[in-house]
Every structure is written in C-alpha cells, then in structure tokens.
Amino acid sequence: MTDSPKTFRVKSFGCQMNVYDGERMAELLGAEGLRAAGDNEDADLVVLNTCHIREKAAEKAYSDIGRLKRVDGSRPMIALAGCVAQAEGEEAKARAPTIDLVVGPQAYHRLPAMVAEAARGGRPVNTDMPAISKFGALPARRRAGPSAFLTVQEGCDKFCTYCVVPYTRGAEVSRPFADIEAEARSLVEGGAREITLLGQNVNAWEGACGGLDALIRALAEIDGLERIRYTTSHPADMTDALIAAHGEVEKLMPYLHLPVQSGSDRILKAMNRSHGVETYLRTIEKVRAVRPDIAISGDFIVGFPGESHEDFTQTLSIIDTVGYAAAYSFKYSARPGTPAAIMEGAVPAQIMDDRLQQLQERLAEHSLAFNRSCVGRDARILIDRKGRQSGQMIGKTPWLQSVFVETDAAIGDMLDITLTSALRNSLGGALRTAVAA
C-alpha cells in the first residue's frame, strides 16, 4: 500500500499523437483531483508517454525510469504509457521493476482506476485495444492554447514493413463526426484559434459527412476557428477532393506533411509503401496546382535494408525535385516484430551516418531556400510564445514557420506582419497591423 498521489507530471515522447494523448491523460488526472506539478516540483506520479517508432525513443524512456527520484531520494509512482507500453506489456515491468503500472494508448482512459489500484499495492497492466471508445470516457476539453491538437483517427492498415504502428495502435478507426465537431467547438471556446487534426493516417478519416475534406469544410464553419491543419498523411489517401480543399477552404493552411520515406521505387516496394515516386510527385503537382504557395514537408529513412548508393542518390534527387520546406529524417531502426527487422542487406552504421548527414544537409539547403523565398511577403501570424529577448514574441505563419517579431501583443493574438529576414528554422518579421484576440 502506498499513498495516493496528489500531484502528477506527464512526459510525452515522439509524435503529435502522443502530445495529444499526454494532454488528455493530464486532463483525466486533473478531473480526479490531482494537480500538475510545477517545473521545479517533485511529482507523486510520473506518466511516461512513450514512442516505439525508433529504438532511441524507447531506450530514452527506460533511461528516464532509472533516474526518477524525488529530492528526498524516494521514487514517485511510475506509469509507463504509450506505444512502448503497448508493445512490451508485462515485459516492461520485468525490465524495469520500478514501474508501477503499464497502460497502452487505447486504454489510457482507465488510467485513474489503475493509479488507484497501484496505490493499493497492485501493479496493473492494461494493453487492451478496443475500438475508439476511449474518447467517450474522457473529460470535456475546458482550456486550450492558441493552437491545439485534435485526434480524429487512430491506427493504420498500411503495414509498412518497418513500422510498428499497426501493432501498437491497431487498425484504422475514425472518430464520429459529431464527437470531433463537439471537441473542436470546446477547444475554440477554451481559447484555440488553430486546430491540427491528428491521425496515424489522418487522411483515411471517414465519417457520415464523407472523407477528411468534408470534415475540414464542416469545421471551417466554426466561428472563432481561424486555422485548420492536419497530419500525418499517407500519399495513397490524398484524394482529389482533399486536394481541392487546399484551394477552396480559406482556413486550411498552405502546409502539407506528406511522407515519402525514399526516392527509390525499389526501396518503396520493399517498404510496402503502396506508392511510387511518380505517383507521389504527381500528387505534389496536383496540390501545387490548386495552392501554388503551399509548403511541403516530408519524412525520410536512410539505410533501409538493401538500400544501395544508387537508391540513396535517388532520394537526394526527389528532395531536389520537390524542394521541401521542412522534413524529418532518420536512420533506419529495426523494430522487433516488423518484416523489415529480418530482411537481409543491413546497411553498415557508418554508411547510414554518412547518408543521414548528406540528406540533412540537402534538406537544410531547401528549407533555407524556402524561407528566403518568403522574405518580403506579407503574412498573418498566430502568436504562440514569448521570445528570448525583451519585447519579442514568436508566432507561426500559415506555412508553419516560426517568426520573431517585436511587439507587445499577447499569446493568442494574430498579427499582420511583413517577413523581413530568413534563417533555416525561423524568420524575422516587422509589424504591420495588430489584430486583437
């Protein structure tokens, strides 16, 4: 028997889906009367909301578990949540005996009851994967920052050979339209001016109103919602209707995250990506035809089993062809249980390191070029945080760039500015007209 926790901290690793899940777990615990611990305060309960996509993310979570202690030397109650919890279940407790409870990403609505059981001396594990019923058990959204995440879809049916998502998040399932709309309205009432729709394969969302394009059009009717984004998309599900929405829905921001992973058709086939280079580039062309200023971002994996120098050269070529405004890039990491983990043709670590460096340098060139192309452009930014300098605030452009501007505006305000300077990861801006929140 241990004391029931009175304070908590949630630490999320990995994707935006985990950020959203972390926020919802915090709301669940808050609804039970627990208080979020301050930055310099020990927490009675620490929830590690983990990622299993890459080995380093999983190892970092276990490393954190080993270091978790209070100032007085005692340890807090530790909850392992997220995809590592789902993948390893009981094995996680054997690997790290200080873990008090293990809860998967489809069962975290049961977290308060599991915390109570742990306080009574139990060590519960719940990695059930029901359909999307957990959302009905979550508390209503009360408060939100100027930009908020909203999960509309979970799971994936694509079964890319390197990916654990179908095993840790389950099959594709879409939340009902009415539930999404209600949560969106609640977020706007709580202060959100921008909502990012989330899903492991978000553009596979389907509901009574149609596909993701119909959902976006419906949400655009909400008064007070200024901006809509969505991530992460699969190229195979970029329908003509969704592409058309980019040219027709003013609130849909000109930014599209569309992972390609490789520029080699041979490697894409081995990855089971269900798209080729030609079809991917054709999709990009269609999007740019309806929204010429759109910023394209992507994901890349280097060193997939069997990747040759020529395959890698083709990846550099697609980067040059698309001209990505931003991208995420990683070395291949074998995940247990995936088909790629037993493929032959492992790429030596040093070669992977060299290829990743070359790829990131090429991506950096294009990111800087995109930002420089925006200098002189007028834009409206959404202020989301303070800058490091006195009187400096940071806001996001429609193209998801961070802009530093001298202003006395508050977080949540929208400002009309002119972009005046560019670096790879940010821009400078000069104030034109402040629009109060």
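Could you tell me the relative contact order of the stretch 348-437? Use alpha-carbon pairs under 8 Å, at least six residues apart, and round to a whole percent. Don't jump to the answer; show the numbers that get you there.
Working: 177 pairs, mean separation 23.9, N = 90.
For the stretch 348-437, the relative contact order is 27 percent.
Do any GluC sites (Glu not before Pro) in the stretch 139-215 lie in a DSSP loop with no more than 15 other beta carbon atoms within 10 Å, and if so, which?
On the way: sites: Glu154, Glu172, Glu181, Glu183, Glu189, Glu194, Glu206; in loops: Glu172.
In loop regions of the stretch 139-215 (DSSP not H, G, I, E or B), there are no sparsely surrounded GluC sites (Glu not before Pro).
Quick one: if the Förster radius is 41 Å, what FRET efficiency do Lys286 and Ser63 give, using the C-beta to C-beta distance and rounding to 0.05?
Details: r = 44 Å, r/R0 = 1.08.
Rounded to the nearest 0.05, the efficiency is 0.40.
Please identify every one of the GluC sites (Glu not before Pro) in the stretch 33-123 that sits in a loop by DSSP and has no more than 16 other beta carbons within 10 Å of its own beta carbon. Could you put the intermediate results ahead of the total?
Numbers: sites: Glu41, Glu55, Glu59, Glu88, Glu90, Glu91, Glu117; in loops: Glu41.
Taking the stretch 33-123 and a limit of 16 other Cβ atoms within 10 Å, the loop GluC sites (Glu not before Pro) found are Glu41.
Considering only protein heavy atoms and a 1.4 Å probe, what is the carbon-and-sulfur percentage of the accessible area of the chain?
50 percent
Over the chain, with the other protein chains present, what is the accessible area per residue in square angstrom, probe 1.4 angstrom? Could the numbers behind the result be given before it?
Details: 18890 Å² over 437 residues.
Per-residue value: 43 Å².
Where the only charges are on Cβ atoms (+1 Lys, Arg; -1 Asp, Glu), what is the dipole of the stretch 62-195 about its Cα centre, to the nearest 20 debye? Walk me through the numbers before you get to the answer.
On the way: 18 positive and 16 negative charges, 100 e Å.
Dipole magnitude for the stretch 62-195 comes out near 480 debye.
Along the positive direction of the dipole of the stretch 206-336 (beta-carbon charges: Lys, Arg +1; Asp, Glu -1; about the Cα centre), which of Ser297, Ile267, Ala220 reaches farthest?
Value computed over the given set: Ile267.
Report the local net charge at Ala364: Lys and Arg +1, Asp and Glu -1, summed over other residues whose C-beta lies under 14 Å from its C-beta. Please list the in-between numbers first.
Working: positive: Arg362, Arg372, Arg424; negative: Asp320, Glu361, Glu365.
Taking every Cβ under 14 Å from that of Ala364, the sum is 0.
What number, in percent, do you get for the relative contact order of the chain if the mean sequence gap of Cα pairs under 8 Å and at least 6 apart is divided by its residue count?
Once divided by the residue count of the chain, the mean separation gives 10 percent.
Give the distance, in whole Å, between the Cα centre of the stretch 279-336 and the Cα centre of the stretch 48-109.
Here the two parts' Cα centres lie 33 Å apart.
Among the Cys residues of the chain, which have no other cysteine Cβ under 4.7 angstrom away?
Cys15, Cys51, Cys83, Cys156, Cys209, Cys374
Quick one: plug the Kirkwood hydrodynamic radius of the chain (C-alpha pairs) into Stokes-Einstein at 20 °C, 1.002 mPa s, and report D in µm²/s.
Working: Rh = 23.1 Å.
Diffusion coefficient, whole number: 93 µm²/s.
So what's the back-of-envelope 222 nm ellipticity for the chain, counting only DSSP H runs of four-plus at -39500 (n - 2.57) apiece and dividing by all residues, rounded to 500?
Numbers: 13 runs with 145 residues, N = 437.
Theoretical 222 nm ellipticity from helices: -10000 deg cm²/dmol.
Mind checking the stretch 353-412 for trypsin sites (Lys or Arg not before Pro) that DSSP puts in a loop (not H, G, I, E or B) and that have at most 15 other Cβ atoms within 10 Å?
Working: sites: Arg355, Arg362, Arg372, Arg377, Arg380, Arg385, Lys386, Arg388, Lys396; in loops: Arg377, Arg388.
Qualifying residues, ordered by number: Arg377, Arg388.
Ala113 versus Ser4, label points 7 Å from Cα toward the beta carbon: distance in nm?
In this crude label model, Ala113 to Ser4 measures out at 1.6 nm.
The values are calculated or read from the model by the stated rules, or taken from the named source; none is laboratory data. All figures in this text were calculated on a predicted structure; none of them were measured in a lab. When we count neighbours, we look across all protein chains shown, and the Cβ atoms used for this are built from the backbone with ideal geometry, even at glycine. Please note that ligands, DNA and RNA were not included when accessible areas were found on the heavy atoms of the full protein model with its side chains. Shrake-Rupley method; radii C 1.70, N 1.55, O 1.52, S 1.80 Å.
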